[in-house]
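Participant: Structure below; questions to follow.
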Amino acid sequence: MTTALVSVASSLLLSRFLVGNLLRQDANVSMEFVQGIVEVQHARSYFTREREADNNLVEFFDRIATMPDVVRANVFSRDRTIIWSSDSSLIGMKFEDNPELDEALHGKLHVGVDTVGTKAEHALLPATVLRYVENYLPVRSGQDVVGVIEVYKNPRALFEAIEDGTRLVWWSGVGGGLFLYGLLLWVVRRADRIIQSQQARLVESETLAALGVMASAVAHGIRNPLASIRTSAELNLDSPSATVRESSGDIVDEVDGLERWVRDLLAYAVPESGEPENVQIAQVLDDSLGSFARVFQRRAIRVATSSLHEAPAVRGDAALLTQVFNCLLTNAMDAMPSGGLVELAISKPPDEGKLRISISDNGAGVAPEELPNVFVPRRSTKSTGLGVGLPLAKRIVERFGGAIELVGRATGGATVNVDLVIAR
């Protein structure tokens, strides 16, 4: 609303300024022309009625009446009497109620646009023309105003120029208003996005603080007992009983899972400060797959890879990227409790200069309504999850200029695409 009012007000002021300037410029040219002739003809005594007009002066006034666009011309003396007119029936008449004439007799040029019938002196003007430019041109002799020449004009070319200029001003005002509105809208939306981003960061900071306290407590209270449990279970891996060995292996796997939870909590609350370097991503993926080989075999999970050893080096930190892919492989494994297929593939994303590593599974997948929240801390889609694995992976990947996304598969399951910057 404010933008519209500003546009209308500015357009109105500019159009009035344009019309006033054009009319005044035209009147100034006429006044200078008339004043020059009056001085040459020494016409002071004519205006003061000390002498009658001679032929030269009458011819001059006749020329005023025949100027382009002039409809009628009147010559007033100091006592407001018409002493000459292009309409001879007006000679000798007085029009007392005429403030414009009063201004001109005091030396002020008056310019205005008028319509027929608003004044008594409009009598006998052509009825076919409804709008006139009315000029009152003061005539001076030295510093004294000796008379006034009133000129009625119907300047069609000037009116057309005024209309064209007015249209241009209004179109410019409307265009400027729309531009200003769009600019303000962009600023408001950008400010809104910044505020929302700051709010999200504030929430994340509060979450990190809570996770930091929880992670410290968990790490202090559970790591030492876990180490003892794992050591005891490892001692039974060499037992002659197959049942004992299998149970001990399960205990080791579960302890390793709990250890990963603790490590994820600590890493998300206080992330490691790895510096980017050139990393052979094929080696990182081999290491991650090797650490899951025994678990995958026991859970009947097959692995299919494509073009891994042809992948170029990327920018990152080997230990942190290993942590990322361990998290993604864990999620794929948890999505297939009864076994299935994990596929790893290398490709080039639309973003130039990056490498895409895709990890797919044919598990239950993720519901569409849950996709927007998979990278939000503490919003796990698994009943036994902490909700920090994917957010941690996202933070690590983005730290090195990459990106990560989770998409559903038409054939079932889900795919995680990790885009990393190719090392030069």
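The values are calculated or read from the model by the stated rules, or taken from the named source; none is laboratory data. Bear in mind that the values here come from a model prediction, so they are computed numbers and not experimental data. Quick reminder, even Gly has a Cβ in these numbers, built from the backbone with ideal geometry, and neighbours come from all protein chains shown. Just so you know, the surface numbers come from the protein's heavy atoms only, side chains and all, with ligands and any DNA or RNA stripped out. Shrake-Rupley method; radii C 1.70, N 1.55, O 1.52, S 1.80 Å.
Participant: For residue 254, are the conditions met, namely being out of contact with any Ser or Thr (no Cβ under 8 Å at 6 or more places or on another chain), closer than 28 Å to residue 297 by Cβ, at pLDDT 70 or above and part of a helix (DSSP H, G or I)?
Facilitator: Judged against the criteria, residue 254 is a match.
Participant: Among the residues that make up region 358-365, is at least one of them open to solvent by 30 Å² or more (accessible area, probe 1.4 Å), modelled with pLDDT of 85 or more, out of contact with any Cys (no Cβ under 9 Å at 6 or more places or on another chain) and not acidic (Asp, Glu)?
Facilitator: Yes - at least one qualifying residue is present in region 358-365.
Participant: For region 123-130, state whether one or more residues are touching a strand residue (DSSP E or B) at 6+ places or on another chain (Cβ under 7 Å), surrounded by 13 or more Cβ atoms within 10 Å (Cβ to Cβ) and modelled with pLDDT of 75 or more.
Facilitator: no
Participant: So, residue 265, is that one under 27 Å from residue 376 (Cα atoms), over 34 Å from the mean Cα position of the chain (by Cα) and at pLDDT below 70 or not? Before you say what the answer is, go through the steps one by one.
Facilitator: Working: under 27 Å from residue 376 (Cα atoms): yes; over 34 Å from the mean Cα position of the chain (by Cα): yes; at pLDDT below 70: yes.
It is true that residue 265 is under 27 Å from residue 376 (Cα atoms), over 34 Å from the mean Cα position of the chain (by Cα) and at pLDDT below 70.
Participant: Say we look at region 336-355 and pick out the residues that are assigned to a strand (DSSP E or B) and either open to solvent by 50 Å² or more (accessible area, probe 1.4 Å) or of a type in the set (Ser, Thr, Tyr) (or both); which of these is nearest to residue 285 (Cα to Cα)? Quick ask: steps written out before the conclusion?
Facilitator: Here is the first cut: in region 336-355, the ones assigned to a strand (DSSP E or B) are 340-347, 354-355.
Now restrict to residues that are either open to solvent by 50 Å² or more (accessible area, probe 1.4 Å) or of a type in the set (Ser, Thr, Tyr) (or both): 343, 347.
Working: 343: 12, 347: 15 Å.
Restricting to residues being assigned to a strand (DSSP E or B) and either open to solvent by 50 Å² or more (accessible area, probe 1.4 Å) or of a type in the set (Ser, Thr, Tyr) (or both), the top hit is 343.
Participant: Scan region 165-181 for residues that are open to solvent by less than 40 Å² (accessible area, probe 1.4 Å) and touching a helix residue (DSSP H, G or I) at 6+ places or on another chain (Cβ under 8 Å) and report the count.
Facilitator: 6
Participant: Let me ask another. State the number of residues belonging to region 299-312 that are open to solvent by 20 Å² or more (accessible area, probe 1.4 Å) and in contact with a Leu (Cβ under 9 Å, 6 or more places away or on another chain). Break it down into steps so the answer makes sense when it comes.
Facilitator: Of all residues in region 299-312, those open to solvent by 20 Å² or more (accessible area, probe 1.4 Å) come to 299-300, 302-307, 309-310, 312.
Among the residues that remain, those that are also in contact with a Leu (Cβ under 9 Å, 6 or more places away or on another chain) are: 302-306, 312.
Of the residues in region 299-312, 6 are open to solvent by 20 Å² or more (accessible area, probe 1.4 Å) and in contact with a Leu (Cβ under 9 Å, 6 or more places away or on another chain).
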